[in-house]
1. Could you tell me whether segment 288-306 includes any residue that is within 15 Å of the ligand (Cβ to nearest atom) and touching a residue at least 40 places away in the same chain (Cβ under 8 Å)?
2. Could we say that SER336 is crowded, with 18+ Cβ neighbours inside 10 Å, in a loop (DSSP other than H, G, I, E, B), within 16 Å of the ligand (Cβ to nearest atom) and more than 17 Å from the chain's Cα centre (by Cα) here?
3. State all residues of segment 243-287 that are within 28 Å of ASN298 (Cα to Cα), over 14 Å from the mean Cα position of the chain (by Cα) and within 13 Å of the ligand (Cβ to nearest atom); if no residue qualifies, say none.
4. Of the residues that sit in segment 158-168 and are part of a loop (DSSP other than H, G, I, E, B) and touching a residue at least 40 places away in the same chain (Cβ under 8 Å), which one is surrounded by the fewest Cβ atoms within 10 Å (Cβ to Cβ)?
5. Pull up segment 117-156, narrow it to residues that are surrounded by 19 or more Cβ atoms within 10 Å (Cβ to Cβ) and among the hydroxyl-bearing types (Ser, Thr, Tyr), then point me to the one that is nearest to the chain's Cα centre (by Cα).
6. In segment 198-242, which residue that is within 11 Å of the ligand (Cβ to nearest atom), outside any loop (DSSP other than H, G, I, E, B) and of a type outside the set (A, V, I, L, M, F, W, C) is surrounded by the fewest Cβ atoms within 10 Å (Cβ to Cβ)?
7. Spot the failing condition for LEU93; the list is (1) in contact (Cβ under 8 Å) with a residue 12 or more places away in the chain; (2) surrounded by fewer than 22 Cβ atoms within 10 Å (Cβ to Cβ); (3) in a helix (DSSP H, G or I), and only one is missed.
8. Exactly one of these conditions fails for GLU110: (1) surrounded by 17 or more Cβ atoms within 10 Å (Cβ to Cβ); (2) farther than 20 Å from ALA283 by Cβ. Give me its number.
Amino acid sequence: MENVNWSELPFGYMKTDYNVRCYYRDGKWGELEVSSSEIINIHMAATCLHYGQEAFEGLKAYRGRDGKIRVFRMDENAKRLQSSSRGIMLAELPVTVFEEAVRKVVKLNERFIPPYESGSSLYIRPLLLGMGAQVGVKPANDYLFLVFVTPVGPYFKGGFKPSPVCIMREYDRAAPLGTGTIKVGGNYAASLVAGEKAHKEGYAAVLYLDPKEKKYIDECGPANFFAIRGKTYITPESHSILPSITNKSLIQLAKDMGFTVERRPVPIEELSTFDEAAECGTAAVVAPISRIDDLDENNSYIYSKDGKPGAVCEQLYNKLRGIQYGDEPDLHNWVSFIE
Ligand SMILES: *Cc1c(COP(=O)(O)O)cnc(C)c1O
């Protein structure tokens, strides 16, 4: 791995040595299998291909200053995959199998875990696919759980910086009582058109409103939304938001820092009262928002004029990242070591 520039890696796919697979057949999960192939063999009538019976997860492994490998809250990802599975009738994978697969795939690809100094990490992508052939709309009988990894660069290449997001009412990523609370590929397919449009106009993301009334803030395409007002951490509650593990962790850290936490419907009008606003998720941890442009109402909410992030966002970002890389004490037992 001598010729890899670890700190310049994109958030993209790079081939690694191995992936780990587990098949569900005849009503039960089989043994974990190690594969060096990037290809899966799949029936053309598999339910994941035409009825979207697919869920995924995303987490990271970090190499610390001490050289040790840490994975952040993987039990939460395992449980969320189970909740996604109940949502679209996939076979549920036991938490222990999920964790064993993550440990195995990280260990087997140890040479791809970027060095501490690079600020990069190893992205871990678990997927669960409906594999059995069906033509009628029914859940499959067979499933494949697969985990691959790929090294990814630091999210903030030019330093921790805020960027603008936009509100567009003509698109929703999820239906009011649909699949917004689970991590399924279909939500992402639904968000591609709006996302591309936003990127073309120079926005980092679309900030979605609640799909039922368009009165409340939901979340950004692939990240939750939170705001800071005085000593309060405010994050939306809704039937169409994906429960972010990063948000859950930031809520705990905010409480530890003496903040009051409010998780409740957040009306759009409240945007003008916040001191700071940000997106949060595994990829960036915290991505501060400089400005929210409401493109339908011709309105802007400004959180940063000088290109600098808010102080609380920065503090939360440093704290959580510090825990993930082992620079800060892990007081809540969030980290697992891979040995
Ligand atoms: C994955 C995801 C997030 C972020 O969740 P984390 O567990 O923090 O990575 C937020 N919103 C959506 C829609 C997601 O799919």
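1. Initially, segment 288-306 is screened for residues within 15 Å of the ligand (Cβ to nearest atom), giving 289.
So of that shortlist, the ones also touching a residue at least 40 places away in the same chain (Cβ under 8 Å) come out as 289.
Yes: segment 288-306 contains one or more residues that are within 15 Å of the ligand (Cβ to nearest atom) and touching a residue at least 40 places away in the same chain (Cβ under 8 Å).
2. On the way: crowded, with 18+ Cβ neighbours inside 10 Å: yes; in a loop (DSSP other than H, G, I, E, B): no; within 16 Å of the ligand (Cβ to nearest atom): yes; more than 17 Å from the chain's Cα centre (by Cα): yes.
No, not satisfied.
3. ALA278
4. Step one: list which residues in segment 158-168 are part of a loop (DSSP other than H, G, I, E, B), which gives 158-162, 168.
If we keep only those that are touching a residue at least 40 places away in the same chain (Cβ under 8 Å) too, we end up with 160-162, 168.
Numbers: PHE160: 19, LYS161: 14, PRO162: 23, MET168: 19.
Of everything passing the filter in segment 158-168, LYS161 is surrounded by the fewest Cβ atoms within 10 Å (Cβ to Cβ).
5. It comes out as TYR123.
6. Restricting to residues being within 11 Å of the ligand (Cβ to nearest atom), outside any loop (DSSP other than H, G, I, E, B) and of a type outside the set (A, V, I, L, M, F, W, C), the top hit is ASN224.
7. The one condition LEU93 does not meet is (3).
8. GLU110 satisfies all of (1) surrounded by 17 or more Cβ atoms within 10 Å (Cβ to Cβ); (2) farther than 20 Å from ALA283 by Cβ except (1).
The values are calculated or read from the model by the stated rules, or taken from the named source; none is laboratory data. The model shown is predicted, which means the values in this text are computed figures rather than measured ones. Note: ideal-geometry Cβ built from the backbone for every residue, glycine included; neighbour counts use all protein chains shown.
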